[in-house]
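> So that we are looking at the same thing, I have put the structure below in structure tokens.
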Amino acid sequence: MIIKRLATALLVMFFASFLSFSLLYLAPGNVAEAVLKEQLGFEPTEDEIVAFMTRYKLDKPFFIQYYIWLRLFVTGKLICPQTGESVTGEFLYRFPVTLSLAFSAVAFAACFGIPLGIVSAIRRNSIIDSICRVIASVGVSIPSFWLALLLILFFCVKLRILPVFGLGLKNLILPTIALGLHLFASITRVTRGSMLEVLSQHYILVSRAKGLPEKMVILRHGLRNAVIPVITLIGLQFGHLLGGTVIIESIFSLPGIGKFLMDSIFARDYIAVSAFVMFIAFLFVIVNLIVDVLYTILDPRVRVE
Amino acid sequence: MMKIVKMRANTAMVLVLVFLGLFSPVISPYDPNELNLKDRLMHPCVEHPFGTDNFGRDALSRVLHGARISLFVAMSVVALTTFAGICFGIIAGYYGGIVDNAIMRIVDSLLAFPNIILAIVILGIFGPSYLNLVLSLAAVWWVSYARIVRGVVLSLKEAEFILSAKALGAGNLQIMAKHILPNALSPILPLMTLDLGSAILAISGLGFLGLGLQPPTPEWGVMLRDALPFMETHPYLMIFPGFMIMVSVLAFNMLGDSLRDALDPTLKLGSKI
């Protein structure tokens, strides 16, 4: 099963690379002209453009260019014209920022969402449950960028207790909340739903009948089974999270891959853009693989199939 | 009974939004793009309940027109997505084999892109415009529709009523359009409603990044972006558009959830009960 999953992942990556390169290839405007203009500081002549295109094999057909691009990308030799660094280097330099942001957002969402969902399910139809459900509905509807602005307005402008910009643990608090709220709301909701379903199963009745303490019933027998859809959700939502980092990193000026992607787009540096699209697709595929592996650990039934 | 009341309330919320969208030119007190530099950055008052922005445009009129624009673009996105998803889904499910395999591999690889990222990149490369905005969002979103429709088609293909239609001499196109399509609609209806909400979120997010609709369009995301420099002194310029985004997304999400519960009673989700 693992081998089949890996094969699919490889195929998906191949398609992704094709798509990324197609975007680069179809980009309007002449790359050679733009780059030369940047380097020379004045309009390049026709001959210079032709020479540049031959030198970088830009006059070759689509598939040959694609092959060259892919080879450069895989060997990490694709250079980003904006900074002169290799795109892999740029990525590795910025990746930790985005990774820590994404992880703290997931951690925030799970740490608050799962307990809230459990409480909501146990105390079904109580006031706590109603409050949780309102929080969950509103949470998925708040645009993250608006929430980010409101948080800045409240904590940085009105109360002045948190800094807006900079890189430190304190600076990660607001971006984490803004990015993680959507996931937090979905997790609360899914945990509540799957917990309700699990708690109505016979084995819960059995464990209560044999006299297990309620805490044990909920956490050991209930939660372990109820958490599987939550893992799926986190895996699926990870893509949204990566998309969200683009906006959140731009607002808080965090030097992560999302901010770099936006900067590259506005700088018309499409080589970096195409490479970063590849990296993001790659990340997403890896996360989904990890989720699949987690399944087999959490749910032994999957291994049998 | 509670369910019906809830569903009516949710429908009413969406209808209010649609009403605002349809009649915003009639009910808004000013022209949303009318510049009035004398009255710039006014605080909320009787003439301008939401204040005015840095060009002296009435914020209330702009927020009301925002409903029109957001709904229009969101509906375009969902219409295109649904159309493409249904076509590819039915073709993949009905013909099977190589066709199915090819379409499903494209679906898989598109799923490898976080949906907003591809839209950001497409808009960044090809330039922001209404058409590009709709196309870039639909380019990824049709995938989930195609998957669902394909599943429905696969389960229906061997059904007896399809066989009888075939025996009566119906052509492939006729079977797909007349016998399969109606059955595929009910599972995607909730998804369409939910996606209207997601589309509003995505459109305003892209507008906020400067990649969606462009100023001076009174779109909520664009208005938020324009309000950024005045956040400290005139916070309500960013509070109202954001609030409208939240309320409209909430309305569509809730309607979508109740539709899903109504159409698919076997599905157990948190929104139920």
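> Among A:Trp69, B:Trp220, what is the fewest-to-most ranking by other Cβ atoms within 10 Å?
In order of increasing Cβ crowding within 10 Å: A:Trp69, B:Trp220.
> What base-10 log of the normalised intensity I(q)/I(0) is obtained for the protein assembly as shown from the Debye formula, alpha carbons as equal point scatterers, at q = 0.11 Å⁻¹?
At q = 0.11 Å⁻¹ the computed log10 ratios are -1.17.
> Count, for each residue of B:117-128, the Cβ atoms from other chains sitting within 10 Å of its Cβ, then give me the mean as a whole number.
6
> Determine, from the Cβ-Cβ distance of A:Cys111 and B:Phe230 and an R0 of 25 Å, the FRET efficiency 1/(1 + (r/R0)^6), rounded to the nearest 0.05.
It comes to 0.10.
> Moving on. Once you have a ≥ b ≥ c as the square roots of the Cα gyration tensor eigenvalues for segment B:65-272, tell me rounded if a/c is under 1.5, and otherwise prolate or oblate according to whether a/b is larger than b/c.
Note, shape of segment B:65-272 comes out prolate.
> Which of A:Glu90, A:Glu197, B:Glu219, B:Glu232 has the fewest other C-beta atoms within 10 Å, and how do the rest follow up to the most?
If I rank by nearby Cβ atoms, fewest first, I get B:Glu232, A:Glu197, A:Glu90, B:Glu219.
> Next up: Enter the Cα centre distance for the pair segment B:127-157 and segment A:116-195, rounded to the nearest angstrom.
30
> Return the loop-located trypsin sites (Lys or Arg not before Pro) in segment A:184-285 (DSSP other than H, G, I, E, B) with at most 11 other Cβ atoms within 10 Å of their own Cβ; answer none if there are none.
In loop regions of segment A:184-285 (DSSP not H, G, I, E or B), the sparsely surrounded trypsin sites (Lys or Arg not before Pro) are A:Lys210.
> Taking R0 as 60 Å, what's the FRET efficiency between B:Asn101 and B:Asp39 from their Cβ-Cβ distance, rounded to 0.05?
After rounding, the FRET efficiency stands at 0.45.
> With runs of 4+ DSSP H residues as the only contributors, calculate the mean residue ellipticity of chain B at 222 nm using -39,500 (n - 2.57) per run, divided by the residue total and rounded to the nearest 500.
The per-residue figure over chain B is -24500 deg cm²/dmol.
> I would also like to ask the following. Please report, in debye to the nearest 20, how large the charge dipole of segment B:165-273 is about its Cα centre when each Lys and Arg carries +1 at its beta carbon and each Asp and Glu carries -1 there.
520
> Quick one: 3J(HN,Hα) in Hz for segment A:286-298, Karplus 6.51/-1.76/1.60 with θ = phi - 60°, rounded, Gly and Pro as x.
Here the 3J(HN,Hα) series is 5, 4, 5, 5, 4, 4, 4, 5, 4, 3, 5, 6, 7 Hz.
> Hey, what do the phi angles of segment A:43-51 turn into as Karplus ³J(HN,Hα) couplings, whole Hz, using 6.51/-1.76/1.60 and θ = phi - 60°, x for Gly and Pro?
So the J values, rounded to whole Hz, are 4, x, 7, 4, 4, 4, 5, 4, 4.
> What are the residues whose amide H is under 5 Å from the amide H of B:His48, where those residues sit 5 or more places off or on another chain and H is modelled from the backbone?
Here nothing satisfies the definition.
> Would you tell me the mean number of C-beta atoms belonging to other protein chains that fall within 10 Å of each C-beta in A:132-143, as a whole number?
For this peptide, the per-residue mean of nearby foreign Cβ atoms is 5.
> Could you give the size of the charge dipole of segment B:65-272 about its Cα centre, using +1 on the Cβ of each K and R and -1 on the Cβ of each D and E, expressed in debye and rounded to the nearest 20?
Charge dipole, segment B:65-272, about its Cα centre: 360 debye, nearest 20.
> Given points 7 Å out from each Cα along the Cα-Cβ axis, report the B:Val5 to B:Cys87 separation in nanometres with one decimal.
Taking the two extended label points, one gets 4.6 nm.
> Taking the Cβ of A:Trp146 as the center, what net charge do the other residues with Cβ under 15 Å away carry, scoring Lys and Arg +1 and Asp and Glu -1?
After counting each charged neighbour, the total is -1.
> Sort the following peptides by mean Cβ neighbour count (other Cβ atoms within 10 Å, averaged over residues), highest first: B:111-120, A:111-120.
Ranking, from highest mean packing down: B:111-120, A:111-120.
> If you scale each eigenvalue of the Cα gyration tensor by 5 and take the root, what three semi-axes come out for segment B:111-182, rounded to whole angstrom and sorted largest first?
Ellipsoid half-lengths, sorted descending, are 38, 13, 7 Å.
> Ok, one more. Straight-line reach from B:Lys6: which lysines have Cα under 23 Å away, leaving out those fewer than 8 places along the same chain?
By straight Cα distance, B:Lys6 reaches B:Lys268, B:Lys272.
> Which of A:Gly258, B:Met176, B:Pro229 sits farthest toward the positive end of the charge dipole of the protein assembly as shown, with +1 on the Cβ of Lys and Arg and -1 on the Cβ of Asp and Glu?
Looking along the dipole axis, the top candidate is B:Met176.
> May I pose another question? Taking 22 Å as R0, compute the FRET efficiency from the Cβ-Cβ separation of B:Phe19 and B:Leu185 and round it to 0.05.
0.30
> Which Rg and Dmax, in Å, describe the Cα atoms of chain A?
Taking only Cα atoms of chain A, I get Rg and Dmax of 24.3, 87 Å.
> Also, quick follow-up: Holding the Cα-Cα limit at 28 Å, pick out from A:Lys77/A:Lys259; A:Lys77/A:Lys170; A:Lys4/A:Lys77; A:Lys37/A:Lys60 the pairs that are longer than that.
A:Lys77/A:Lys170; A:Lys4/A:Lys77
> With a ≥ b ≥ c taken as the square roots of the eigenvalues of the C-alpha gyration tensor of segment B:173-273, please select rounded if a/c is under 1.5 and otherwise prolate if a/b is larger than b/c or oblate if it is not?
Oblate is the answer for segment B:173-273, as a/c is 1.5 or above yet b/c matches or exceeds a/b.
> Using the membrane-span-like helix rule (whole DSSP H runs, Cα extent along the own axis of at least 15 Å, mean Kyte-Doolittle hydropathy at least -1.0), which helices of chain B qualify?
B:2-27, B:59-95, B:97-111, B:115-126, B:130-157, B:181-209, B:236-263
> Report, in debye and to the nearest 20, how large the dipole of chain A comes out about its Cα centre when Lys and Arg carry +1 and Asp and Glu carry -1 on their Cβ.
The calculated dipole for chain A is roughly 1680 debye.
> Please arrange A:Val50, B:Val14, B:Val143 by counting, for each residue, the other beta carbons lying within 10 Å of its beta carbon, fewest first.
The order, fewest Cβ neighbours first, is A:Val50, B:Val14, B:Val143.
No value in this document is a laboratory result; all are computed from the given coordinates. All of these numbers come straight from a predicted model, not from anything done at the bench. Cβ sites come from the backbone with ideal geometry, for glycine too, and all protein chains shown count toward neighbours.
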